[in-house]
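As structure tokens, the structure follows; a few thoughts come after it.
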């Protein structure tokens, strides 16, 4: 995506040359602009995603979904956001007010920071060419647990507390197979840098040699995202709304935004790690790489939604059983096989 | 129409076993017997366990506020013979008390609580005799004919 | 040392999956239930007392308010009890008998569709829920066309039914009945064979045959525990003895069996309706009953196979125009008594499924 770099360089030149800022100030301003762009990106995606989720769910369930406001109900969500902004900000009487207030914002921030390393095209990322890109993503992603626990604990509600506890148990268990499954890809690519990983998939997408890792990662990511059938933290049927029970108005909306932000980030990582990133399949290079990546992200999101609206919720002990006794051994075996494979491959080629 | 059990034989057998405790109760259904309140648990247990009668199902536990007495009505059914029996217990208006049959049927638990709640009949030996439909601080028993709001 | 503490959780009366205003107080250890106490009565309207102030015909519409997802069957139970009390059971015209069966079974289908839907919903299966409601809507359309009301039909009358139905209605019914087997196959496809659903229901909250009798289980819940007992076949009321249908029975009595029974019963109901549609004769729809209904002094107890269990009415008449006493035996109310014992040791998520599996409707629990 040359155009992004051209814009960034133009901005930098303009700030340093015409306006006479120092190099540090320029760097700060460009980063701030990039951050705004990232927020904008999340927001635009959010509008599309919420519309898509509601429409898809409706079609899966033989309904029509939103269809009044804008073309095919597309403007329903922006208007809902305006409505939510106008709502009273209710904080329960005995809540831990400070933590209650910042919890949803924390969730939003963690989902936003994950976007820092995601390259949308060759060299287009907030932290360009960070050589521990995937490590950063996992580290930031795991802090999302904390904000959900904060919300669950501070609400002073038993349902929220149970929801928060479930979140912690679930996320910690599923982080492990998630990381292990990524290791296989990293071993083949020989780098933690996301751009390098995408470039290593020029010929073969990693979904083919790492099919098992892909499936394990997909399942673990579903659990990390708290989406059905792993939406135990919300668990509407038994926990009312889990950690979100006491949240209303804009704080609730921020939680939702964070959730969809995480969904985009995770889908982006799946596309980058397994589906070839911005590499065009079948030589269809006339579609720009950025659009290819978006297409893949949305394909993954579609599958996430498909699963969510088809399957009932799994029970928590089955979830733990599945995570610890099935996913972790499988992902460990995958590492072993990949290691042997890589070793043999090097023996042959060298 | 419902099959009816041979009441004469049943009453005779019960009276032989537990002393003078049961008699045939004449009404339009022709399937009722009257049992003395203090003998109700033994009688119920007997007709439930006795293979000749085998009244395994408690179909209904009801109560009626007649002008002269309170009547607790047990409707029983047998799953082997499909015959029916209505057991009636007549209670004193001033102090309606009857032993609970919760030990025989768990189903009686909630129904006795309901009768206690709405009709004010006390079931002695009931494990948890509290109001079930009305609030705990409700005054009176609404299904009694003398209930005034 | 870490100190552990028991958590008392008040579930209901406003809770997404207590099917109305049921409330239970749970003592939790982690998420496992140590003790469960039922609290009912939030929807108590005193229907038994109201009946004493209404004439026999005036009370018919109130039956729709009992179990508000099977109004037709409640009315059937009530009018048959009054007919038994008056001694006119044999005088009901043939056509009215058939219409009663058709609409009653249609209502049973609608009620079981709700069961399948909410059972799935209580496991967060939103899509099966909509599938079930799609079909239920078509049944309710038919009930509305027959009686003018979707939920509270007020269609049964003492001595017959309120309105005759024309050819067009039967045509619609035939289309629906031909579609139904495929629709039920869809429930099987999305829910019954689902691995997660099976893992969550098989072996959860089992009730043995002996305990089922003691708990007072009736209807589908009793058959799920292994008792082959269906009033429609074993002690037929109305003209049920003329139809051929199977009574599905299962062994284990766990939540999965209780679910399967309902799905199997839906198929049987379709069979019954198809037979009734074929045989229905022309003729009057009301027996000759006096304008003012005054049953002789006496009492009657009658129950029918309702969608939730045996719904019974015990009516005592003093010879006047109003019943002296009306007692409603509510299957939901009695079935609910199994929860405190069975809930012990269950996971919170299982409790919701167990509660959904016995199919309670709070309108009938609280009356």
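Derivation of every value follows stated rules applied to the coordinates shown; laboratory data play no part. Owing to the predicted nature of the structure, the values given are computational and were not obtained by experimental measurement. A quick note on method: Cβ atoms are made from the backbone with ideal geometry, for glycine too, and the neighbour counts reach across all protein chains shown.
Debye sum, Cα scatterers, segment A:74-123, no solvent: what log₁₀ I/I(0) at q = 0.19 1/Å? Debye output, listed in q order: -0.89. Between residue C:171 and residue A:21, the simple spin-label model (points 7 angstrom out along Cα→Cβ) gives 7.6 nm.
Applying 1/(1 + (r/R0)^6) with r as the Cβ-Cβ distance of residue B:104 and residue C:58 and R0 = 30 angstrom yields a FRET efficiency of 0.20. Mean per-residue shielding of peptide C:320-332 is 3, counting Cβ atoms of other chains within 10 Å of each Cβ. Measure nothing fancy, just the Cα-based angle from helix C:348-357's long axis to the longest principal axis of chain C, in degrees from 0 to 90, nearest 10. With rounding to tens, the tilt is 10 degrees.
Of interest is the spacing of the C-alpha centroids, which for segment C:114-165 and segment C:336-363 amounts to 24 Å. In a fully extended conformation the segment linking residue A:212 and residue A:302 would gain 30.4 nm over its present Cα-Cα distance, using 0.36 nm per residue.
Over all pairs of different C-alpha atoms, segment C:80-205 has a mean inverse distance whose reciprocal, the Kirkwood radius, equals 16.4 Å.
Return one number: the angle in degrees, 0 to 90 and rounded to the nearest 10, between the long axis of the Cα atoms of helix C:255-279 and the longest principal axis of the Cα atoms of chain C. Long axis of C:255-279 versus the principal axis of chain C: about 20 degrees. Extent along the principal axes, Cα only, for segment C:6-54: 51, 19, 10 Å, with the longest axis given first. Entry note, chain C: relative contact order of 27 percent, from Cα contacts under 8 Å with a spacing of 6+ residues.
Could you work out the relative contact order of chain A, using alpha carbon pairs under 8 angstrom and six or more residues apart, expressed as a whole percent?
Relative contact order here is 21 percent.
Taking Cα atoms only, the orientation of helix C:71-86 departs from the longest principal axis of chain C by about 50 degrees.
Kirkwood-type hydrodynamic radius, segment B:101-149: 11.2 Å, calculated from all non-identical alpha-carbon pairs.
Remark: mean inter-chain Cβ contacts per residue of A:229-240 equal 5, using a 10 Å Cβ-Cβ cutoff to other protein chain atoms. Label separation (residue A:349 vs residue B:138): 8.0 nm, computed from points 7 Å beyond Cα along the C-beta direction. Figure legend: label point modelled 7 angstrom from the Cα of residue B:17 along Cα→Cβ; residues of segment B:56-82 with amide N under 17 Å from it are B:56-58, B:76-81. Once you sort the root eigenvalues of the Cα gyration tensor of segment C:256-329 as a ≥ b ≥ c, which label holds: rounded (a/c under 1.5), prolate (a/b larger than b/c) or oblate (the other case)? Cα axes put segment C:256-329 in the oblate bin. With a Förster radius of 60 Å, plug the Cβ-Cβ distance of residue A:131 and residue C:141 into 1/(1 + (r/R0)^6) and report the FRET value to the nearest 0.05. So the FRET efficiency works out to roughly 0.40. Debye-formula intensities of chain C, expressed as log10 I(q)/I(0) at q = 0.07, 0.10, 0.12 Å⁻¹, are -0.30, -0.62, -0.88 (one equal scatterer per alpha-carbon, no solvent). Remark on the protein assembly as shown: Rg and Dmax equal 33.2, 117 Å (Cα only). Pop the C-beta distance of residue A:85 and residue C:4 into the FRET formula with R0 = 51 Å and round what comes out to the nearest 0.05. So, using R0 = 51 Å, E works out to roughly 0.75.
Shielding by partners for peptide B:29-39, expressed as the average number of C-beta atoms from other protein chains within 10 Å of each residue's C-beta, is 1. Taking a ≥ b ≥ c as the square roots of the Cα gyration tensor eigenvalues, segment C:17-154 comes out oblate, since a/c reaches at least 1.5 and a/b does not exceed b/c. For the listed peptides A:35-41, A:152-158, C:294-300, a ranking on the average number of other beta carbons within 10 Å per residue, highest first, reads A:152-158, C:294-300, A:35-41.
Put simply, when B:76-89, B:106-119, A:168-181 are sorted by average Cβ atoms within 10 angstrom per residue, most first, you get B:106-119, A:168-181, B:76-89. Averaged over residues, the count of other Cβ atoms within 10 Å places the peptides A:204-211, A:343-350 in the sequence A:204-211, A:343-350, highest first. The relative contact order of segment A:30-110 comes to 16 percent, based on Cα pairs under 8 Å that sit 6 or more residues apart.
Rounded if a/c is under 1.5, else prolate if a/b is larger than b/c, else oblate: which is segment A:29-117, with a ≥ b ≥ c the root eigenvalues of its Cα gyration tensor? Oblate, because a/c is 1.5 or more while a/b does not exceed b/c.
In this simple spin-label approximation, residue C:321 and residue A:143 carry label points 7 Å from Cα along the Cα→Cβ vector, and these lie 7.9 nm apart. Look at C:285, A:297 and count the other Cβ atoms within 10 Å of each Cβ; fewest to most, that gives C:285, A:297.
The value for chain A of Rg(Cα) / (2.2 N^0.38 Å) is 1.04.
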